[in-house]
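Beneath this line is the structure, given in structure tokens, with notes to follow.
The values are calculated or read from the model by the stated rules, or taken from the named source; none is laboratory data. Just so we're clear, the structure is a prediction, and the values are computed from it rather than from any experiment. Here the Cβ positions follow ideal geometry from the backbone for every residue, glycine too, while neighbour counts run over all protein chains shown.
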Amino acid sequence: MKRRVSYWLCQILGWGAYSVVGVLMAAQYVGWLPSLVIGFALFFCYSIALTDLLRREIRRRPALSSPRGWSWLVLFLLPPALAAVQTFLVAAFNVALRQFESAAMRTRLPSIISRPADLLNTWTSITAADIVWLLLYLALTSTRRFQEKELRLQLSLREAELRALEAQMNPHFLFNSLNSIRALVLEDPQQAQDMITRLANILRYNLHRDMDHTVPLASEVEVVEDYLALEAMRLEERLRVRLEIDPAAARIPIPPMLLQSLVENAIKHGIAPRPDGGDLIISAKLAGDNLNLLVNNPGSIVEPARDSTKVGLANTRERLRILYGSRASLDLRNCDGGGVAAVVLLPKAL
């Protein structure tokens, strides 16, 4: 917004100054004619419009935005062509406006475009002004173009880095799930088939996730329920689940497989190793402009969460950093009443 205001302010001041100087010089030659003042007022308006059209054309064509080689030639053929249009309009409006002046005034005071040499001088002067405009525009926008190029590069690197992290996470999750299935293949083939169906649902979700790397929390919860049903076949009554999802929070977008990876970590490290299993509590609620996710499981941690070397949690933190920067966090902490809580804080929008 600030850049647009500066642009239009420069347009008004630049062509305003040119028009004022032009009308003062012309008045010394032909006098203060109404057609002269009105003609330069119109010149001020259509010069702004035409140079803005030139700006749009330059921005539409990348080769002209950063000219090199032949594009320099094309670029500098535009001001003379634009000046020719402006000169034609100057002459046309001058002829039309002079018709409203008295015959005596037209006889006594000459027109500013009374000879071919006047047209050539006008075209030359306007061409010089258009070239100055073009050089100033390219100079003033060169920094912005460089910053936009750097931003596009950073976004491309960010996208590639995020894809690489997702590629690391998916085999990690698949490995853990296949281990669960392998344990039941011989003991209970029917349950193994059910687990494969659940796993297929999860993998289908993972393959068809939104390309902007977020999905509604409700969709993620559905996949987590599939995963918990898969794990419940293995852990049976040792796994006790309580879901506390605020309906308002269910619409908030989150990174896909985020909640699932936290649940997987809670089961693997907090519930599966315990003979009596434990309670898994999953909650989500809104707090102002943030979404709070909590996954609570039995057990305790003996090392700071930031120093964790677990692949799932490390990748989850890195994905949050890439997507949200410092606005998101993942903390793993011991609870006062016992157990471990993974707490995720996310903004409601990217």
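Of all positions in the stretch 102-124, at least one carries a residue that is of a type outside the set (Asp, Glu), modelled with pLDDT of 75 or more, surrounded by fewer than 16 Cβ atoms within 10 Å (Cβ to Cβ) and within 18 Å of Trp15 (Cβ to Cβ).
Tell me which residues, restricted to the stretch 292-350, are basic (Lys, Arg), out of contact with any helix residue (DSSP H, G or I) (no Cβ under 8 Å at 6 or more places or on another chain) and at pLDDT 85 or above. The answer is Arg327, and nothing else.
Among the residues of the stretch 246-279, those identified as touching a helix residue (DSSP H, G or I) at 6+ places or on another chain (Cβ under 6 Å) and part of a strand (DSSP E or B) are Ile254, Gly278. Taking the stretch 1-30 as the range and being aromatic (Phe, Trp, Tyr) and modelled with pLDDT of 80 or more as the test, the residues that pass are Tyr7, Trp8, Trp15, Tyr18. Among residues belonging to the stretch 200-245 that are loosely packed, with under 13 Cβ neighbours inside 10 Å and at pLDDT below 85, point out the one that is farthest from the chain's Cα centre (by Cα). Here the answer is Glu236.
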